[in-house]
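The values are calculated or read from the model by the stated rules, or taken from the named source; none is laboratory data. The model shown is predicted, which means the values in this text are computed figures rather than measured ones. For neighbour counting, all protein chains shown are included, and Cβ atoms are generated from backbone atoms with ideal geometry for every residue, glycine included. These accessible areas exclude ligands, DNA and RNA; they are computed on the full protein's heavy atoms, side chains included. Shrake-Rupley method; radii C 1.70, N 1.55, O 1.52, S 1.80 Å.
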Amino acid sequence: LADLSLQLPYFRPIATNIRGSKISEMKLDGVWRIHPSPPENFPNAPAETNGWSNFVVSGQWLQQGFDIPREKRAGVTTHFTIPKSWAGQKIFLRFEAVHGGAKYWLNGQYLGASENLFTPVEYDITQAARVGGENFLALSIKVQTDSETLSFSSDYAQHNLGGIDRSVRLFALPPVHLASFHHETLLDENFRDATLALNFQIANAAAVPATNLFLDVSIKSPESGRTLITSRFPIEQVETEKKYFWKIPVSNPRKWNAEKPFLYQLTARLFQGKTLLEESDASVGFRKIEIRDTQLFINGQRV
């Protein structure tokens, strides 16, 4: 496994808005090409018509008429164009799930390998990408792997699950961006007031002068449009791998429960001085889930 340089699942926030471009994300789902027994040099050459067929992503190949033995490697390819406005940005390629041991190439450059099966794999393709031009993505996928044996998934399903069975995304972020962003809602003992607990990291933060980086956070009701909170976090000690923790008090937010699963919209905006670098959105429900004496409680109420 070590020889494959396998990637662990990673959840980098995908921005809804980035500086300098109206587009921050593209889906690569649609018609790709597949070959049940591809030539050795296929990652370096566009897919030819001989032996190649259409393959719809996201999807499993058996369900599309390709009965490929588990021990055989299939070739899967696609072409896509990266927007010119992404010049100068960091560009990432994310597979939400690939079922099999996969090796990845972009424009003939080897990116890495994965056996994640049901969890994402993500690559920084900034150096290999042709911004403003056509790009050629190639995967070599074999179902029979250690992960497949341990999961017993194809045997459990009683058919070959090989394929790219969830979406493929391409997205751009500024060089200085949110590398991670997680939230948790903490309710007080009376289940009235709350604390929004945030932890996050910023990539390439050392490239920005200290005291010149800010993270603004707001929470808004999607029903009324009313803003519940706004808060600014000045990032004074700029370190690339530093983890930041931030707690924001929230007075009596509307609670999430099983009958009325109400969600607020959380928006995080990263600024360099007065310049907005990126904006990311998330849904937030204020709730507390507990297990007491084998009973499940939500916001103090037994389910």
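For segment 67-84, residues that are assigned to a strand (DSSP E or B) and open to solvent by less than 20 Å² (accessible area, probe 1.4 Å) total 7. Mind counting the residues in segment 112-128 that are open to solvent by less than 30 Å² (accessible area, probe 1.4 Å) and either in a strand (DSSP E or B) or more than 14 Å from R94 (Cβ to Cβ) (or both)? The qualifying residues number 9. The residues listed here are S180, S167; of these, the one that is within 30 Å of Q64 (Cβ to Cβ), touching a residue at least 12 places away in the same chain (Cβ under 8 Å) and surrounded by fewer than 19 Cβ atoms within 10 Å (Cβ to Cβ) is S167.
Condition test on L93, is it without any contact (Cβ under 8 Å) to a residue 60 or more places away in the chain, open to solvent by less than 30 Å² (accessible area, probe 1.4 Å) and either under 20 Å from K27 (Cα atoms) or aromatic (F, W, Y) (or both)? For L93, the condition - without any contact (Cβ under 8 Å) to a residue 60 or more places away in the chain, open to solvent by less than 30 Å² (accessible area, probe 1.4 Å) and either under 20 Å from K27 (Cα atoms) or aromatic (F, W, Y) (or both) - is not met. When A87, A138 are checked against the criterion of being buried (at least 21 other Cβ atoms within 10 Å of the Cβ) and over 18 Å from the mean Cα position of the chain (by Cα), a single residue qualifies: A138.
In summary, T149 fulfils each of the numbered conditions (1) β-branched (V, I, T); (2) open to solvent by 70 Å² or more (accessible area, probe 1.4 Å); (3) closer than 19 Å to S283 by Cα with the single exception of condition (3). Of all residue pairs spaced 6 or more apart or on separate chains, those with beta-carbon atoms under 9 Å, a first member in segment 258-286 that is touching a residue at least 60 places away in the same chain (Cβ under 8 Å) and open to solvent by 50 Å² or more (accessible area, probe 1.4 Å) and a second member that is assigned to a loop (DSSP other than H, G, I, E, B) and of a type in the set (S, T, Y) are D281/T16. Flag not set for L173, criterion: aliphatic (A, V, I, L, M), open to solvent by 30 Å² or more (accessible area, probe 1.4 Å), under 21 Å from the mean Cα position of the chain (by Cα) and farther than 16 Å from R33 by Cα.
Considering only segment 187-219, state which residues are surrounded by 15 or more Cβ atoms within 10 Å (Cβ to Cβ), within 13 Å of Y244 (Cα to Cα) and touching a Leu at 6+ places or on another chain (Cβ under 7 Å). Selection gives F200, I202, A205, L215. Meeting the requirement of 1 or more residues that are more than 30 Å from P175 (Cα to Cα) and open to solvent by 40 Å² or more (accessible area, probe 1.4 Å), the strands (runs of 3 or more DSSP E) wholly within segment 9-66 are 30-35, 53-57.
Here is the figure for segment 193-217: residues that are closer than 22 Å to F11 by Cβ and either of a type in the set (S, T, N, Q) or in a loop (DSSP other than H, G, I, E, B) (or both) total 3.
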